[in-house]
Structure formats: structure tokens, C-alpha cells
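Here is the structure we will look at, set down as C-alpha cells.
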Amino acid sequence: MAKKLYIFGIGGTGSRVIKALTMLFAAGCKLDNGFDTVIPIIIDPDISNGDLDRTKNILRLYQEIRCQVNQPDDFFSQDVRTINELTNNSGEINPDYFQFKLKGVDGSSFGKYIGFDELSDDALLSEDDKNFVRLFYSDENLKSDLSVGFKGNPNMGSIVLNQFTNSEDFQRFGLTFGSDDAIFIINSIFGGTGAAGFPLLLKNFRGNTGLPRAAQIKDAPIGGITYLPYFSLNDKPESSIDSDSFEEKAKIAIDYYNRTIINQNKINVLYLIGNKSANNIYENFEGKAEQKNDAHFLEMAGAIAVIDFCKNINSYSVDNGVAVNGTQVKEFGVEKDSEVLLFEHLNNENLKLLFEPLTKFRLYTEYLAKGLQKSLNVSRWTKSNIKLVKKSKNSCIDENYFNSPEYKNHIKGFNEYFTEWINEMSNNKPSFSPFNDITPDNALTLVKNKMPKGNFSFKSLDTENCLLIDQNEMKFSVDKKHTTLIKLFGKSTAGVLKKHNLFKK
């Protein structure tokens, strides 16, 4: 039976970390210890949030590509599915299934949601007293539009998110959970959705007897990453979100987490991450499509935490909902503090994890964007007059393939998201900028402070592709359209980078 990792990404930060993890999976990173399948679950009341939509599109494209690769073993090798696919044994690709929906929030105020608006102002006509409710919520809280989230108010988030644990989606999660499965939670502690959702989810995992397979879930290994403030928002008088309050909210929430989660050993490992200076300033959008923050290095660090959790899963055990060895608390750091981070600033473990996959995938995406047009129908690996498939003289990746809707929509679409992700991290603060801008003539100088030997151009990659085809090292498939491209470049990028002394041989 396949082992599954359920990743609950709460709020905008949860979506962005899942996006980063998907990029690492595309580049060939894979979970250890037999975790075959990853099930991302996004919880966010802001259904039109820009970060959420972008992440769902990236997940969709990842699935579209992977479904068209026969037995992927490098790029796109990690299986990613939705709860719907598991419960219905279906291969239907629908990005909406990655999000668990909250009922009654779209177009509703918080006051309407909790029934405050229906209470009488006259104490003689009603046993309920609006003044009592006002002890807990301000008028601004009560009038707040829930369709854009909780605007940094966990006291509101905890009420609305409580319905999620009784939802059909949550029940289906329980039905698919296996005895060897594990859970990982991603949240920020300085907002509203994430700060409220994390303890609520954990409480239900460890004690909701109404869930299907509650016993297995109660004693499952659980890890989580909590984000301290790592960005600020610009001042906007009309906005109810004030980033000056982020640090104070984080301190209060950390104290609560320490008392109710860490000291009571409710979680096996909790990763903490943040940026003390938080000197990168985002536009202050309260939600919807405009809220689409640039990718940040620390979100990729969160993806690394997910991989680390699975790597160490055998050291985590739970008895009656309590972590046997206590709660481990881990922090993320770099070897050398710098405003511009390169691969060489990472510790050895993270360098080993990221360097080769990201460099290979960067070379692959840059070649298709900047080098393919010159080689198409010229270099023989793209031509239809060589014998690649038994009883056929047609290349699977000739000019027809590169002009196909599948290539343009799936491959080009995903690669553009990858390039956007790399560029946004490079332009953020601190910057993660390990790659040079390249041209077809100096393509192999793509890694900063790494000088290749020999020819620097894309010609090396064309030659390697032709050699692999000549030696019949590749398995080609005409029924799964992206097999040849993905497998060929998984091998050829590694071969070229080794031959030119960028990778160890």
C-alpha cells in the first residue's frame, strides 16, 4: 500500500509553500521513506486569492504533465493527487479539488455568519444580548467581508474554520487515510487564517473521534511549519491590515502554541522560520486576485522542511495522540548571512538537496525558451527521419510535437511559472539568486561562481540529446506525449553538467 503525505496549507503562506514544493518536485526532488503520494490540501476562505489561484494552476499543470510521462523517474517523479482522485479512484484533473471549501463565507459578513445581525437590540425581546458579543468582536470585525479572509484576526478565523472539521471534505480525508500515512501543516502565525487554523486542525487530528479512521489519524506522525513575520505591507489607510502588529501577534500566538502544543507534545516536529528584518514590503491588498505576493526564499525553505520531515519519519512515533519522544523544534538557517543568497550559502544538506535538481531544471527550461528554436528540425533529435521507436521512423518530439497544444499549454505553461518563481525569489529580500542570466552562447555559465570547462553554448545539450538517442538509452512513448521530452532532458542535462565539471562525476 502506498504511503501518503497529506499537506494542509493554510492561507496565503500555505499556498506559496505548496507552490515551492511543487517546483522542487518538478525538478526531481522526491520524498524519502516510501512516501509515494502527496495530497496537498489548501484551506483559504478567499477563493479568488491570487496566490491560491496561481498555486492551483501550477498543481494542475504538474498533474497534466506527469500523466503524460511513462513511469517518471527524475523530473516530475513525485506523485501528486487530490482527495477526490483517491476517494473516487479517478484520474480526473481538476485544480479546484486541491482546495477544501468553506461554506457560508462568500459574500457574507462575519456578523451575519455568526448570527449577530439577527439578534434583537432590545434586551426585553431577546435572551441574547448584542452587547455581550461586542465584548469579543469589534464593529469592524462584525462588518468584515469573509470572502477575503480574516484580515489578520485569528479570533474570527477560529470560529469560521471550526466548520471545516465537520465538512464533507474533512470526512473524505479521513476515509482515505492509511495506517502508514503522515500529516504536515503549513501556516503563518502573524495573520488570521493560518494562526487560527493550525491549532484547530491539530486538535481534531489528535482528538476528533467522529472522523473516519480516527484512531489511525490520532497516532499518525504530524509535522508542521509555522512562519514568523517575514514580510511587511505598505501603509494603506483604508486597509484593516496593519503589518506593524505582525510581531506582537506572533509573540502572543507563539506563547499559546508553546503552552497548548509544544509542552503537551501534540506534534512530533515543529519548524519555525522567519526573517527578523522583514524588510521586503508587499502591496497591502486585503485579498482577492490582487493578493499575489512574490515568491520568497523562505517559502522554499518551508518546502525543504516537508522533505526533512519525511526523511526523518522513522524517528517520530505517537501513542494515544502524544509524541513519544516529545516535540522537536527546528529552525532554518543558512551558513552565511547575506542579502543575496547563492547555493554556496546553504548548508551541505540543503545544498545537496537543491543544487543538482534546480540547476538541471533551470538548464532545461532555459534551453526550451532560448535554444530550441535554433535547433528545431535541424538537430536530429528533433527530426522525423531517424528511428527512435520500434517500427517507426518518426521522432516523438519533432516539430509537430513542439507545435502541439499539449506542449504549448502544459510544458510551456509550467516552465513560465517556474521561471517566474525563480525570478521573484531573485528580486525579493533576502534575494535567492543562484543563477546568471544566460544567452544561447554562454548557457553553461548559468550557475553563479561556477565556471564550466569547454564549450559554454547550448550546442553541448543538443549533442548530448543526439548521443542518448543514438545509443538507444531512452524509452520512448507515443501514447504518453511528454515521455520523451521529460526523460531525455532529465538525462541530458545531468550528462552535460557532469561533462563540463558543474556536477560531480
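Bear in mind these aren't lab numbers, they're just calculated from the coordinates by the rules spelled out. Just so we're clear, the structure is a prediction, and the values are computed from it rather than from any experiment. Quick reminder, even Gly has a Cβ in these numbers, built from the backbone with ideal geometry, and neighbours come from all protein chains shown.
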Fewest-first sequence of Arg134, Arg213, Arg66 by Cβ atoms within 10 Å of each Cβ: Arg134, Arg213, Arg66
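Nearest 0.05, what FRET efficiency do Ala369 and Asp117 give at R0 = 51 Å with Cβ-Cβ as r? Can you show the working numbers first?
On the way: r = 53 Å, r/R0 = 1.05.
Rounded to the nearest 0.05, the efficiency is 0.45.
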Using θ = phi - 60° and Karplus 6.51 cos²θ - 1.76 cosθ + 1.60, couplings along the stretch 299-305 (whole Hz; Gly, Pro as x): 6, 5, 4, x, 5, 4, 4
Where labels lie 7 Å past Cα in the beta-carbon direction, separation of Gln264 and Leu376 in nm: 6.0 nm
Restricting the stretch 293-363 to GluC sites (Glu not before Pro) in coil, as DSSP defines it, with at most 11 other Cβ within 10 Å: Glu339
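Please report Phe309, Phe435, Phe98 as a ranked list, fewest other C-beta atoms within 10 angstrom at the top and most at the bottom. All intermediate terms of the calculation are to be shown ahead of the outcome.
On the way: Phe309 28, Phe435 20, Phe98 24.
Sorted ascending by nearby Cβ count, the order is Phe435, Phe98, Phe309.
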Taking the stretch 348-499 and dividing mean pair separation by its residue count, relative contact order in percent (alpha carbons under 8 Å, at least six apart): 24 percent
Nearest-0.05 FRET efficiency for Cys466 and Asp441, computed from C-beta distance (R0 25 Å): 0.80
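So what's the net charge close to Lys3: Lys and Arg +1, Asp and Glu -1, counting the other residues with Cβ under 12 Å from its Cβ? Walk me through the numbers before you get to the answer.
On the way: positive: Lys4; negative: Asp32, Asp36, Asp79, Asp180, Asp181.
Cβ neighbours under 12 Å give a net charge of -4.
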Using a Förster distance of 35 Å, the FRET efficiency for Gln171-Asp319 (Cβ separation, nearest 0.05): 0.85
Per-residue HN-Hα couplings for the stretch 200-213 [Karplus 6.51, -1.76, 1.60; θ = phi - 60°; Hz; x = Gly/Pro]: 5, 4, 4, 4, 6, 4, 8, x, 8, 6, x, 6, x, 6
Stretch gain in nm, segment Asn501-Asn409, where the contour uses 0.36 nm per residue and the Cα spacing is subtracted: 29.7 nm
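Cross-link list Lys19/Lys412; Lys336/Lys448; Lys4/Lys311; Lys101/Lys408; Lys130/Lys203; Lys101/Lys249: which exceed 22 angstrom alpha carbon to alpha carbon?
Working: Lys19/Lys412 17 Å; Lys336/Lys448 16 Å; Lys4/Lys311 14 Å; Lys101/Lys408 31 Å; Lys130/Lys203 30 Å; Lys101/Lys249 26 Å.
Flagged as over cut-off: Lys101/Lys408; Lys130/Lys203; Lys101/Lys249.
Order these by the 10 Å Cβ neighbour count, fewest first: His345, His296.
Details: His345 17, His296 26.
Ranked by crowding around the Cβ, least crowded first: His345, His296.
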